[in-house]
Structure formats: structure tokens, C-alpha cells
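The values are calculated or read from the model by the stated rules, or taken from the named source; none is laboratory data. All values derive from a computational prediction rather than experimental measurement. Cβ sites come from the backbone with ideal geometry, for glycine too, and all protein chains shown count toward neighbours.
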Amino acid sequence: MVLLEFSMSPLGKGESVGKYVARSLDIIDKSGVDYRLNPMGTVLEGDWDEVFAVVKKCYDRMKKDCGRISCTIKVDHRKGRTGRLQSKVASVELKLKRTIKQ
């Protein structure tokens with residue numbers, strides 16, 4: 001399984017690009033892939049082809065009306081492990097013996 005964190009933003013569309021992020025989140029949410037939104041991007045969990053297909057759909061939608069796009073992608077593959085969106089945080093909380101902000 002793969003955890004893929006990405007951030008995709010149009011350039012030249014002003015300081016606030018929330019409407020473009022919202023369009024991507026709509027695609028992500030409808031994809032059925034497990035995900036977590038954070039202030040700097042979105043983390044997807046699934047198999048390689050599945051998560052990259054979601055990123056491509058977001059890119060294809062954004063390029064329809066954005067002449068320049070910036071995208072960062074970070075991938076963590078771990079064989080045989082699922083549910084890491086929750087378990088990675090739970091592991092840290094266990095070590096700290098308390099919950100943390102999410």
C-alpha cells in the first residue's frame with residue numbers, strides 16, 4: 001500500500017486558490033480512496049495506480065482553466081500494511097501516552 005501526499009495549486013490565479021483546491025477535494029472524495037486533508041495538502045492511501053489515478057484526475061480538471069500548475073508529491077510505500085492513515089498517528093500517540101492535535 002502507498003501513502004501519497006500531494007499539493008496542487010494553479011499559478012497566476014491570485015493569492016487565494018481555495019476554489020481550485022475544493023474542486024480537487026470533490027474529485028478525491030468521490031474517488032472512494034481513503035484520504036486526509038491537511039492545511040498543506042492531502043494524503044491518499046491505496047495502491048500505486050489507484051492513488052496516482054486520483055492525482056491525474058485532479059490535474060486534468062485543473063489544467064482545463066489553469067495555464068500553469070505547481071504540484072508536489074511525496075510517496076511512502078510499505079508492503080503489506082493498510083490503514084496507515086490512522087495507525088501512524090496512533091503509534092505516535094501510544095508512545096506519547098496522549099492524543100495529539102490533528
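Odds and ends about this structure:
- Output for segment 59-81, where each listed residue is under 14 Å from the mean Cα position of the chain (by Cα) and either hydrophobic (A, V, I, L, M, F, W, C) or part of a helix (DSSP H, G or I) (or both): 59, 71, 73, 75
- Test: residue in segment 82-92 that is out of contact with any Leu (no Cβ under 7 Å at 6 or more places or on another chain), assigned to a helix (DSSP H, G or I) and of a type in the set (Val, Ile, Thr): yes
- Of residues in segment 10-41 being touching a helix residue (DSSP H, G or I) at 6+ places or on another chain (Cβ under 7 Å) and among the small types (Gly, Ala, Ser), the one nearest to residue 84 (Cα to Cα): 31
- Selected residue (only one of 13, 56, 30 is over 21 Å from residue 102 (Cβ atoms), over 14 Å from the mean Cα position of the chain (by Cα) and either part of a loop (DSSP other than H, G, I, E, B) or at pLDDT 95 or above (or both)): 13
- Residue that is nearest to residue 71 (Cα to Cα), among those in segment 17-57 that are small (Gly, Ala, Ser) and touching a residue at least 24 places away in the same chain (Cβ under 8 Å): 41
- Segment 47-102, subset of a type in the set (Gly, Ala, Ser) and more than 21 Å from residue 18 (Cβ to Cβ), residue surrounded by the fewest Cβ atoms within 10 Å (Cβ to Cβ): 80
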